[in-house]
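First the structure, in the form of structure tokens, and then the observations on it.
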Amino acid sequence: MFTRAIRKNKGLILFLLILFISLVLYSVLRVPVVRVNELKNKIINGESVDRGNYERTGYYNLNPILSEPKLEWSFKISNFLTRNFQFPSYSHIAYKNYVFLIDSHGILHALNADSGEEIWKIEEEDFTFSEPWLIADDVLFYTVKGSFLYPNEAILGADINDGREVFRCDLPNNEVIDKSGFIIKDNILYFAVMKLGRHFGIGLWPYIPEERFYAIDLSNNKIIWRVKEKCNVENYNPNSSVFTFSWYSGNTLFYYNHISRTLISIDANTGKIKRRTGLTLVDAVPIVDGKLFLKDSVYDLETGETIWSINLNYKYFTTPAIKGGAVYFAASNDKEGNVFALDIDSHEEKWETKIGKIVSPNFFLIANSAIYLYEYDEIKETQLVCLDTNSGKILWKYDPLKAIPDFDKIRTMVGEPIYSGWKESFTNPVPEFDQIPSIGNGTIYISGVDGLYEIH
């Protein structure tokens, strides 16, 4: 009789079985899937990351350039005579004997740091390379954005020696990772994405965006934790992320949602959201020991109180950088500019050095005992400046346009202004350069309108 019942209802049973399998597959497809991983049984950590470390202190333990540099080599990716325009689209990254950059056609180039010669390059079919990226255990991690036919984005890892793919994590087709980046700490991959109003490549508006945070164990490819939070924000573009910066400090992850202007603190072990702090950030300022370092103040993320602040009558401020027990930054207005070194606890001034009238807000880095920044005035125009961290003494100034001998010809061909409104906004006081310089291998790398230039 039981057998007869099964025969009678086998259609229903088959339907339920198919439904169960579909639900399982749907559940699997709705989470990131690691498809390639040659990093198992390794303990890896990020070695070359934005602003030097996951606390974004702006400090790099690299040999400084103590005397005025000179141009060593250039790598051209554009041909202005044939109007084959390709520009460095994203910040470049230097590591060991390599320099990596992405051009505006979505091609990843790996260069020899000594000669500037191209060693290998990758052009993903139907994908576009994108920021962010980091290097861990000789693997370059980066993201690729999907297309209409292949909507899934992915986190990829390439062997720095030959460009061979050694890691790939595909995201669901309605999740996007953006500038906030990803963090690899003790073999765990952390990242934040947005669940979009998009399915199978089709944008649909009614969906409420959702913040999603992940921790994936790279030793077994398993998700350790996943956190989902509804994100009720206005002016939300359903085809882009809202996260712009990320940090790891004191076993706590931090992500900044630039739409809701919220800094989100997450326990790295459990994924539990500790708190949300309302802030307006325009750059990845340092977060150290639960303290957020703003342009002219220090904020306690635990208590929500300001630890100390100073009243400086300036219009433009650089992102602070931290070395040891001091915090460094530059500030300027339309008449003068200065570089400051303050005690990190008492905010007592250690030294102050006068520089040009205007400073570039998004370029202020420390390489061991040297500070690098851009200054600008109408007479000398743009100068790359190097100061000693201990005394504030100016060690040298360098005109970065020396790195582009045929700049005037290039400027005429592409038209002026290359970047409209640069002088009014001062987001970059060097109109000729799309990206801020990077440091590594004891050198400085500058993106020009037609390629990459190394000064040493």
Report task. Could you tell me which residue of segment 308-358 is nearest to D289 (Cα to Cα), considering only residues that are among the hydroxyl-bearing types (S, T, Y) and at pLDDT 95 or above? Result -> Y328
Requested in this report: Give the residues of segment 183-211 that are buried (at least 19 other Cβ atoms within 10 Å of the Cβ), closer than 18 Å to F254 by Cα and modelled with pLDDT under 90, sorted by residue number.
Outcome: V193, M194, E211
Query raised in the report: Restricting attention to segment 329-374, which residues are of a type in the set (A, V, I, L, M) and part of a loop (DSSP other than H, G, I, E, B)?
Result: I344
Query raised in the report: Tell me, which residue of segment 299-322 that is under 21 Å from G58 (Cα atoms) and of a type in the set (F, W, Y) is farthest from the chain's Cα centre (by Cα)?
Result: W308
Report task. Identify, from the list N269, N257, N251, the residue that is open to solvent by 70 Å² or more (accessible area, probe 1.4 Å), modelled with pLDDT of 85 or more and either aromatic (F, W, Y) or within 23 Å of L301 (Cβ to Cβ) (or both). Result -> N269
Requested in this report: Scan segment 345-359 for residues that are buried (at least 22 other Cβ atoms within 10 Å of the Cβ) and either farther than 16 Å from I394 by Cβ or among the basic types (K, R) (or both) and report the count.
Outcome: 1
Query - Whichever residue in segment 45-66 is outside any loop (DSSP other than H, G, I, E, B) and open to solvent by less than 40 Å² (accessible area, probe 1.4 Å) and, among such residues, is modelled with the lowest pLDDT - result: S48
Requested in this report: Give the residues of segment 300-321 that are assigned to a loop (DSSP other than H, G, I, E, B) and exposed (fewer than 15 other Cβ atoms within 10 Å of the Cβ), sorted by residue number.
Outcome: E302, T303, G304, E305, I310, N311, L312, N313, K315
Report task. May I ask you to list pairs of residues, at least six apart or on different chains, whose Cβ atoms are under 6 Å apart, with the first in segment 279-302 being under 17 Å from V242 (Cα atoms) and the second being charged (D, E, K, R)? Result -> T280/R261; A284/R51; A284/R56
Query raised in the report: open to solvent by less than 10 Å² (accessible area, probe 1.4 Å), at pLDDT 90 or above and either of a type in the set (D, E, K, R) or within 18 Å of D50 (Cβ to Cβ) (or both): does that describe V139?
Result: yes
Requested in this report: With respect to G163, determine if the residue is more than 23 Å from N53 (Cα to Cα), open to solvent by less than 60 Å² (accessible area, probe 1.4 Å) and either of a type in the set (D, E) or modelled with pLDDT of 90 or more (or both).
Outcome: yes
Report summary line: Among the residues of segment 366-392, the number that are surrounded by 15 or more Cβ atoms within 10 Å (Cβ to Cβ), within 12 Å of V339 (Cα to Cα) and in contact (Cβ under 8 Å) with a residue 24 or more places away in the chain is 10
Query raised in the report: Can you tell me which residue in segment 290-299 is modelled with the lowest pLDDT, limited to those that are within 22 Å of S265 (Cα to Cα) and either out of contact with any Lys or Arg (no Cβ under 6 Å at 6 or more places or on another chain) or open to solvent by 40 Å² or more (accessible area, probe 1.4 Å) (or both)?
Result: K295
**Report entry** Qualifying residue in segment 325-339 (condition: at negative phi, free of Cβ contacts under 8 Å to residues at least 12 places away in the same chain and open to solvent by 10 Å² or more (accessible area, probe 1.4 Å))
**Finding:** no
Query raised in the report: Going by the structure shown, is S297 polar (S, T, N, Q) and over 23 Å from S369 (Cα atoms)?
Result: yes
Report summary line: Here the residues within segment 152-177 that are of a type in the set (K, R) and free of Cβ contacts under 8 Å to residues at least 60 places away in the same chain are R164
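The values are calculated or read from the model by the stated rules, or taken from the named source; none is laboratory data. None of the values given here were measured: they were computed from a predicted structure. Counting neighbours? That spans all protein chains shown, and the Cβs are built from the backbone with ideal geometry, glycine included. Just so you know, the surface numbers come from the protein's heavy atoms only, side chains and all, with ligands and any DNA or RNA stripped out. Shrake-Rupley method; radii C 1.70, N 1.55, O 1.52, S 1.80 Å.
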